[in-house]
């Protein structure tokens, strides 16, 4: 990079930081609410009369790597390692409920064990009970790792917090941030480790342009744990607090490549737009119809009630359905060009949608059915007996030494195929239940009946 | 087979023979014309003043394996082995022309060397000069083999002539008779050898039901000649007069399988219809349109002037064109279900036609173009540079770790593809010349414009 480009990069970093770095008053407010909550938790512990517990703020708020405008607090209630799981769940919830009493709203959520999510003064707070184990490799519950991550980052981040913020914002802007199962991208902890490893935002970017799947990043010189043998993760970042864990396990090959691609684009023409992309246009009905006409393909969506579950439950099932329905379509010779899945977020009676673009949603009445070679007598005679004189067989002949017949195609339209056979697809438990209650198939212009903004924005990327 | 079936088989054989075995007067007529022609040839030889020549009737007429109603005579003018080729051609033609003077019509034809074909009293006569070599393995011209075939068959046919007639007629009736390049089936000599080897018509049929490609039939116990190493002929019948030659070399895998299939069908339900099939119906325009509608596929024919060459020249070129155009269509994503080639026979200004049945002759405007994996930086960047900002690219995205773009499809109809790119197909010399003079593309109902009976009969087997 020439000096002028480097200077431009510095200008962009400063400009971006001025927008994403929390102000003094924002920090003060966060500190005040954190102190208040921790003191409330301690009081609740006291009230319960349990000894040996401690309270800790973890996550980006505690590591000072949070981005202005985000108000997420993770407060961990740490129980002695020897506590029975059932006692941790009971006492942990009891303490958290006591604290949540003053919240504007709260709800109990369930991951590996229950915790409470609450809102207070614009803050989104998780109150999470965990076991205070002595080493991250002997955790009893996956949240037990977090205090170790906290400790490692705080120890090594040494003045690089802003670099983490820049990388997070860049990943957000380019759509690769977030390790939830919907996104399959980069987690906050992963961005922190990348900054600690490479030393700065631009060093991560400089490196990423040449990344190849199978890249391994480690914080010590120990050999790779056996648990990584045969694994195909595109990116392996060994957790410095647990050598058996890949911090980047969630990163899909596409998000990995999208980051590499974004890094290259950014270096070619550095710009703030990678951090703050323009909002995607919501397509109007006319836009949609114009685009359909100009592509000439056939579009099909399956639309059904979104199961009442969190995204981490719904999206893997949606992706599974997308794959399974694609396979069904291809099996019946409808060629799929592209597909995506979407679930509504906040609406009452929200919908889930799986979308397919097909070369054509219609096929001719006949289908070529290729049988065994004529010289495999047993097979050949069985095939011939079955098909040759079937009423609705169009023709029976020999081609390349094999019996072949033209038989009626069972499904000449993708819609009729889906209506009849969607229930044979491998669908996840919740989606299956929802689809069984009913689903709609919309084709081409009918898709304009779907008005959700979010859906149309996503659709915009596919049409 | 149960006795009653065997009896039925014998009845059928007798019934068929009564129709195909030449009558006494037919035989007498053939003998009379043969004697007459041989004496004319001898006189012509005398007139030319050349010594050491002999004349011989060869082929099925001389072996008594000909079928009633066929009137083909092959008369060979045998020159001494040491004759110069140029002298054989000159003198041979000169003798033949002298004989042909009294013919109703005659023409000079060219195989490896020139010969004369003539018509006289309903007989189709070939007058062929050849070299009288001492052994079939040291022939100077491929026709030199025929006298050896003649000798072998006459020596071994011992009362099996009728069996040969039956097998020939069965092969005719089931469409596998004829070793010309159009048919790629069984030659007359091959049927004679099969009868000599297996002993009877029914023994060939009993055997054929279990034939597998790679079958070898030999008339001695010598090991197979090295010249057969690595060859993939479905049927190998070693010429008893030349161990390096496969008499069945012309038999295609499909004709081989069709014979096996016909043998099995015949044994399941013996009937004269295998020897004398019903004439194929000529489809009317209405039949054609009905069948097109019920199949729902798209039909395309390419129609052009038939080159003025013999079928053995035209058909290999037609088949080559059929394959080459199929590949072109598939390359541009038009899926070919079936195809065939046809050339008119006797018409003035005869046409040649190549036919394709497609899943669809239309494709959408866009085409998915898959590029290199993102991590192959050089390739990936070149691909992106070329496509990302191209004016008419619809979308550019990452899928399965690769760059992909939706680009405009160059040919959205099979007809436009063929009009533009037919000249890039690998066509034979004569067909290429003819196509360059002009061709027509007809689609679906337009094909009804082709009225030739022969074409429509063939078409009937494909629609």
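Quick notes on this structure:
- Condition check for residue A:73: touching a strand residue (DSSP E or B) at 6+ places or on another chain (Cβ under 7 Å), surrounded by 18 or more Cβ atoms within 10 Å (Cβ to Cβ), part of a helix (DSSP H, G or I) and assigned by TED's automatic domain parsing to the domain that holds residue A:24: no
- Just so you know, in the stretch A:233-242 the residues that are outside any loop (DSSP other than H, G, I, E, B) and in contact with a helix residue (DSSP H, G or I) (Cβ under 8 Å, 6 or more places away or on another chain) include one that is surrounded by the fewest Cβ atoms within 10 Å (Cβ to Cβ), and it is A:242.
- Listed conditions (1) touching a strand residue (DSSP E or B) at 6+ places or on another chain (Cβ under 8 Å); (2) part of a loop (DSSP other than H, G, I, E, B); (3) under 30 Å from residue B:362 (Cβ atoms) are all met by residue B:283, apart from (1).
- Being at pLDDT 90 or above, more than 25 Å from the chain's Cα centre (by Cα) and over 17 Å from residue A:51 (Cα atoms) is a property that residue A:120 has.
- Flag if residue B:397 is surrounded by 17 or more Cβ atoms within 10 Å (Cβ to Cβ), without any contact (Cβ under 8 Å) to a residue 24 or more places away in the chain and not assigned by TED's automatic domain parsing to the domain that holds residue B:427: no
- Residue A:325 more than 30 Å from residue A:112 (Cβ to Cβ) and part of a helix (DSSP H, G or I): yes
Yes or no, residue by residue, for (1) closer than 30 Å to residue B:447 by Cβ; (2) within 14 Å of another protein chain (Cβ to nearest Cβ); (3) surrounded by 15 or more Cβ atoms within 10 Å (Cβ to Cβ); (4) in contact (Cβ under 8 Å) with a residue 24 or more places away in the chain:
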site	(1), (2), (3), (4)
B:231	no, no, no, no
B:253	yes, yes, yes, yes
B:264	no, yes, yes, yes
B:285	yes, no, no, yes
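- Complete set of residues in the stretch A:31-65 that are in contact (Cβ under 8 Å) with a residue 60 or more places away in the chain and either assigned by TED's automatic domain parsing to the domain that holds residue A:206 or assigned to a helix (DSSP H, G or I) (or both): A:33, A:37, A:40, A:41, A:59, A:60, A:62, A:63
- Residue A:171 fulfils the conditions (1) touching a strand residue (DSSP E or B) at 6+ places or on another chain (Cβ under 9 Å); (2) without any contact (Cβ under 8 Å) to a residue 40 or more places away in the chain; (3) within 23 Å of residue A:10 (Cβ to Cβ) except for a single criterion, (2).
- Residue check for residue B:245: surrounded by fewer than 22 Cβ atoms within 10 Å (Cβ to Cβ), under 20 Å from the mean Cα position of the chain (by Cα) and within 18 Å of residue B:151 (Cα to Cα): yes
- Against the numbered list (1) modelled with pLDDT under 95; (2) surrounded by fewer than 18 Cβ atoms within 10 Å (Cβ to Cβ); (3) in a helix (DSSP H, G or I), residue A:459 comes up short only at (2).
- Close pairs from the stretch B:438-451: first without any contact (Cβ under 8 Å) to a residue 60 or more places away in the chain, partner surrounded by 13 or more Cβ atoms within 10 Å (Cβ to Cβ), Cβ under 8 Å, at least 6 apart: B:449/B:442
- One residue from A:385, A:422 being part of a helix (DSSP H, G or I) and over 27 Å from the mean Cα position of the chain (by Cα): A:385
- Search result, residues across the stretch A:325-343 that are crowded, with 18+ Cβ neighbours inside 10 Å and more than 14 Å from chain B (Cβ to nearest Cβ): A:325, A:328, A:329, A:341, A:342, A:343
- Filtered residue count, the stretch B:299-324, keeping only those that are within 14 Å of chain A (Cβ to nearest Cβ) and either out of contact with any strand residue (DSSP E or B) (no Cβ under 8 Å at 6 or more places or on another chain) or over 22 Å from residue B:453 (Cα atoms) (or both): 1
- Single residue of the stretch A:428-456 satisfying the filter (crowded, with 19+ Cβ neighbours inside 10 Å and in a helix (DSSP H, G or I)) that is farthest from the other protein chains (Cβ to nearest Cβ): A:434
- Candidates B:425, B:405, filtered to the one that is over 10 Å from residue B:332 (Cβ atoms), buried (at least 18 other Cβ atoms within 10 Å of the Cβ) and out of contact with any strand residue (DSSP E or B) (no Cβ under 7 Å at 6 or more places or on another chain): B:425
- Residues that are over 21 Å from residue A:187 (Cβ atoms) and touching a residue at least 12 places away in the same chain (Cβ under 8 Å) within the stretch A:136-164 comprise just one, A:140.
- Of the numbered criteria (1) touching a residue at least 12 places away in the same chain (Cβ under 8 Å); (2) touching a helix residue (DSSP H, G or I) at 6+ places or on another chain (Cβ under 9 Å); (3) more than 14 Å from residue B:357 (Cβ to Cβ), the one residue B:311 fails is (2).
- Residue match in the stretch A:309-316 (condition: within 19 Å of residue A:338 (Cα to Cα) and surrounded by fewer than 19 Cβ atoms within 10 Å (Cβ to Cβ)): yes
Condition check ((1) without any contact (Cβ under 8 Å) to a residue 40 or more places away in the chain; (2) outside the structural domain of residue B:315 (by TED's automatic domain parsing); (3) within 30 Å of residue B:134 (Cα to Cα); (4) not in a helix (DSSP H, G or I)) across all residues:
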site	(1), (2), (3), (4)
B:167	yes, yes, no, no
B:175	no, yes, no, yes
B:183	no, yes, no, yes
B:192	no, yes, yes, no
B:195	yes, yes, yes, no
B:206	no, yes, no, no
B:211	no, yes, no, yes
B:219	yes, yes, yes, yes
B:222	yes, yes, yes, yes
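- Among residues of the stretch B:370-402, those that are in contact with a helix residue (DSSP H, G or I) (Cβ under 6 Å, 6 or more places away or on another chain) and either on the phi > 0 side of the Ramachandran plot or facing another protein chain (nearest Cβ under 8 Å) (or both), counted: 3
- When residues of the stretch A:344-363 are limited to those that are closer than 16 Å to residue B:333 by Cα and surrounded by 17 or more Cβ atoms within 10 Å (Cβ to Cβ), the one farthest from the other protein chains (Cβ to nearest Cβ): A:361
- Which listed residue, of B:225, B:179, B:187, is out of contact with any helix residue (DSSP H, G or I) (no Cβ under 6 Å at 6 or more places or on another chain), at pLDDT 95 or above and either under 29 Å from residue B:313 (Cβ atoms) or more than 14 Å from chain A (Cβ to nearest Cβ) (or both): B:187
The values are calculated or read from the model by the stated rules, or taken from the named source; none is laboratory data. This is a predicted model, so every value here is computed, not measured. Cβ atoms come from the backbone with ideal geometry, glycine included; neighbour counts cover every protein chain shown.
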